[in-house]
Amino acid sequence: MKKNISKINLEDIGYSEFFDNNRKNKEDKTITPARIIAEHKELYILRNETSELSAKITGKMIFAASSREDYPAVGDWVLITVLDKEQAIIHEILPRKTVLIRKSVDNSDKQLIASNIDVALIIQSPDRDYNLNRFERYITLAESENIKAIIVLNKTDLLPENELDMKIFEIKKRFKDIAIYTTSIITGKGITDLINSIERGLTYCFIGSSGVGKSSIINMILGENLIKTAEISSSTNRGKHITTHRELFILENGGILIDNPGMREIGVLDSKTGIKSVFSEIYELSKECKFSDCCHVNEPGCAVLKAISSGRLDKSKYDNYIKLTKEDEYNTMTKLEKREKDRKFGQFIKTAKKQMKKYKL
Ligand SMILES: Nc1nc2c(ncn2[C@@H]2O[C@H](COP(=O)(O)OP(=O)(O)OP(=O)(O)O)[C@@H](O)[C@H]2O)c(=O)[nH]1
Ligand SMILES: [Mg+2]
Ligand SMILES: [Zn+2]
């Protein structure tokens, strides 16, 4: 994978006043900002104005860390000391402007997806368990962090025109304020529109289930096959994740794209912000329920149920709300993931400590 390294402005890879204002000791010229573009076990790949570097974090950071969020993630701005042409040390993470986080229902587990995202491109394709509720979940996830959500319906070549029109109609009806792009990497339809929507200096994160075509679209935007995607002929193979690492790509004319491994169902959600923005109607109504702990399922005096029967509230929105708030399937899933993550993380710390000794950090 050969990358074109030429001199760039930090602003073109997303640096802004927000980060600069949070930088202490600016007069120290040996400590400079860089952005995390990939994470490989104990090693981070960084980009600054002049080069791509591999880096490790300082021992001080490791010992001060108490959770995953204290470690760098793809998209982070960090302060580094450059050691040589290829290596650097990371001293600290600059405060994050936004974070994309998967959460379990009870908020006990959080998984940092990526940080400093401006726009979430939420992708689905008609051949991969397509449904509107999934869009809603991802929109909620993004909006709870003030990240702009955009819908992308990919693989439109697989649909007859009338079915495609129907799908677009449904999406527009349900998500009135969200921009939607319809794309196909086979016919190339919609890709130029998507490219034209990309703004210099903004960071776009592609999210959606495995196999919907996230990496394929990014490859097409980049104009080269930098990322491995599934073979076209094997597109019917389900459940195989092609992208295994999160990675950030810098477009020549500005704009930053982050590819993600396909997510299994995303866990929910911050009840104070995210759910509220999508389901604000239900929250408003629930104030009028007879019982303050009403679950809006079968309780007497429930204002939400009353609004459904009177037609004031959309039944499908309600169904999704119930699903999101009740299903503890997500909980179970994130706990399993947590165990796996903890295991890997333990290994990471062990190796990092060993290396610190070696490099006397
Ligand atoms: N027919 C059709 N197939 C597509 C389109 N876009 C992607 N594909 C195919 O869908 C399969 C999956 O594409 P990927 O780009 O690897 O999907 P992904 O979302 O990155 O998947 P993960 O990396 O596993 O999360 C590949 O076989 C692609 O060739 C499209 O617009 N139309
Ligand atoms: Mg991929
Ligand atoms: Zn109620």
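The values are calculated or read from the model by the stated rules, or taken from the named source; none is laboratory data. All of these numbers come straight from a predicted model, not from anything done at the bench. Glycine gets a Cβ as well: all are built from the backbone with ideal geometry, and neighbour counts include every protein chain shown. With ligands, DNA and RNA removed, areas are computed over all heavy atoms of the protein, side chains included. Shrake-Rupley method; radii C 1.70, N 1.55, O 1.52, S 1.80 Å.
Just one of 323, 306 is more than 8 Å from ligand 3 (Cβ to nearest atom), at pLDDT 80 or above and either farther than 26 Å from residue 135 by Cα or open to solvent by 50 Å² or more (accessible area, probe 1.4 Å) (or both); which is it?
306
Under the condition of being among the charged types (D, E, K, R) and closer than 17 Å to residue 256 by Cα, which residue from the range 6-26 is surrounded by the most Cβ atoms within 10 Å (Cβ to Cβ)?
Checked the range 6-26; the qualifying residue surrounded by the most Cβ atoms within 10 Å (Cβ to Cβ) is 12.
What number of residues within the range 287-301 are farther than 18 Å from residue 317 by Cα and at pLDDT below 80?
Final tally of qualifying residues: 2.
Those residues that are within 8 Å of ligand 1 (Cβ to nearest atom) and part of a helix (DSSP H, G or I), I need them from the range 168-217; list them, please.
Within the range 168-217, 214, 215, 216, 217 meet the criteria.
Taking residue 125 and the conditions (1) more than 27 Å from residue 13 (Cα to Cα); (2) at pLDDT 90 or above; (3) surrounded by fewer than 19 Cβ atoms within 10 Å (Cβ to Cβ), which numbered condition does it fall short on, given that it satisfies the others?
(3)
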